[in-house]
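Working notes, structure below.
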Amino acid sequence: MRNKPAYAIGSVDSALLLATLLQQEGAMRVTDVAARLGVSVSTAHRLLGMLVYRDFAEQLPDRRYAPGPVLRPGAVPQASVTTLREVAVPHLRRLVDAVGETANVVLLAGAVVRFVATVESRQVLRVGDRTGRTLPAHLASGGKALLAAMDDAGRAAVLAALDEADGARLERELRTVRRRGFALNDQATEAGLTAVGVAVPAAGGVEGAALSLAAPSVRYSRDRLPEWVAHLTEAAEAVARELGAA
């Protein structure tokens with residue numbers, strides 16, 4: 001029997017309960033949430049907004065809210081996340097020092113990539129911390145780098161939800177990614193953001209990882225791309241070596 005903490009934080013309790021309800025019962029309207037939690041509609045809307053921001057919920061076309069990527073199948077093993085973060089973060093810091101842009105490490109989780117660590121650029125205008133967030137694998141730079149490295153069967157399973165035209169277009173892009181060794185996300189997931197990603201070779205029981213550099217699009221140029229790719233590739237290979245040694 002678990003007792004309620006003596007100093008319970010009401011908003012945290014409501015958010016956790018709401019996440020549980022979405023996972024167990026499925027999509028809900030804002031008014032449904034308000035009634036179930038015993039809060040005002042405006043409070044329910046704010047709680048849902050935070051869950052959407054952290055990928056615990058997503059809004060459907062009919063304006064209901066459903067479980068988000070964090071609550072759906074495809075979670076990555078905790079041990080892999082911990083090990084990868086410990087190994088990768090020093091290399092992310094060196095990437096930021098060398099390039100001056102935000103660096104990330106992601107893991108493939110079903111049809112999405114999950115950001116497991118971020119080191120932010122120190123520039124005033126920068127891409128912020130994405131830790132804990134998810135993006136569709138077929139749009140994110142790290143996700144596309146990983147998809148390009150997968151076998152046909154594995155890639156087909158991840159991309160099953162895409163229609164035929166989008167799937168064919170993506171396959172053409174992935175052939176280019178395999179040839180070049182890196183993937184580009186030029187404002188496909190967020191206006192004004194450009195990212196470059198490379199896959200981390202599988203090692204030490206960790207697979208499906210990628211590194212990326214993300215910058216405001218106004219600072220991105222093709223002239224910088226070779227430098228970014230060189231630093232990313234060097235860091236990815238170093239991460240793989242350390243994972244193997246660990």
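The values are calculated or read from the model by the stated rules, or taken from the named source; none is laboratory data. The structure displayed is predicted, hence computed values, not measured ones. Methodologically, a virtual Cβ is constructed for each residue, glycine included, from the backbone with ideal geometry; neighbour enumeration extends over all protein chains shown. Just so you know, the surface numbers come from the protein's heavy atoms only, side chains and all, with ligands and any DNA or RNA stripped out. Shrake-Rupley method; radii C 1.70, N 1.55, O 1.52, S 1.80 Å.
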Q) If r is the Cβ-Cβ distance from A202 to L162 and R0 is 22 Å, what FRET efficiency results, to the nearest 0.05? A) 0.35
Q) Rounded to the nearest whole Å², what accessible area per residue is found for the chain with the 1.4 Å probe? A) 53
**Q.** Selection from H138, A235, A160, by position along the positive dipole direction of the stretch 124-246 (Cβ)
**A.** A235
Q) Comparing V113, V124, V39, which has the greatest mean-square fluctuation in the GNM of the chain with Cα pairs linked when under 10 Å apart? A) V124
Q: Could you pull out every residue, at least 5 positions away or on a different chain, whose amide H is within less than 5 Å of the one on L193? Hs are placed 1.01 Å off N in the peptide plane, and Pro or chain starts have none.
A: Q187, S217
Q.
Give me the extension gain from E227 to Q24: residue separation times 0.36 nm, minus the current Cα-Cα distance, reported in nm with one decimal.
A. 68.4 nm
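I'd like the carbon and sulfur percentage of the solvent accessible area for the chain, probe radius 1.4 Å, heavy atoms only, ligands and nucleic acids excluded.
Numbers: 7010 of 13140 Å².
Of the solvent-accessible surface of the chain, carbon and sulfur hold 53 percent.
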Q) What's the angle, to the nearest 10 degrees (0 to 90), between helix 225-245's Cα axis and the longest principal axis of the chain? A) 70
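Determine the equivalent ellipsoid of the stretch 120-199 by diagonalising the alpha-carbon gyration tensor, then write out the semi-axes as square roots of 5 times the eigenvalues, largest first, rounded to whole Å. Write down the numbers at each step before the final one.
Details: eigenvalues 121, 35, 27 Å².
Over the Cα atoms of the stretch 120-199, the ellipsoid semi-axes are 25, 13, 12 Å.
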Q) Calculated from the structure, Rg/Rh (Cα atoms, Kirkwood Rh) equals which of (1) 1.09; (2) 0.99; (3) 1.01? A) (3)
(Q) Counting C-alpha atoms alone, how compact is the stretch 142-246: give Rg to one decimal and Dmax as a whole number, in angstrom. (A) 14.4, 43
Q.
If I model a spin label at A245 and Q123 as a point 7 Å from the Cα along the Cα→Cβ vector, what separation in nanometres do I get?
A. 3.2
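Kirkwood Rh and Cα-based Rg: tell me the resulting Rg over Rh for the stretch 57-183, rounded to two decimals. Show your work: numbers first, answer last.
On the way: Rg = 15.9 Å, Rh = 16.0 Å.
Over the Cα atoms of the stretch 57-183, Rg/Rh equals 0.99.
If the convex hull of the alpha-carbon atoms of the stretch 194-246 is projected onto planes in all directions, what is the mean projected area in square nanometres?
Numbers: hull surface 14.2 nm².
Projected area, direction-averaged: 3.5 nm².
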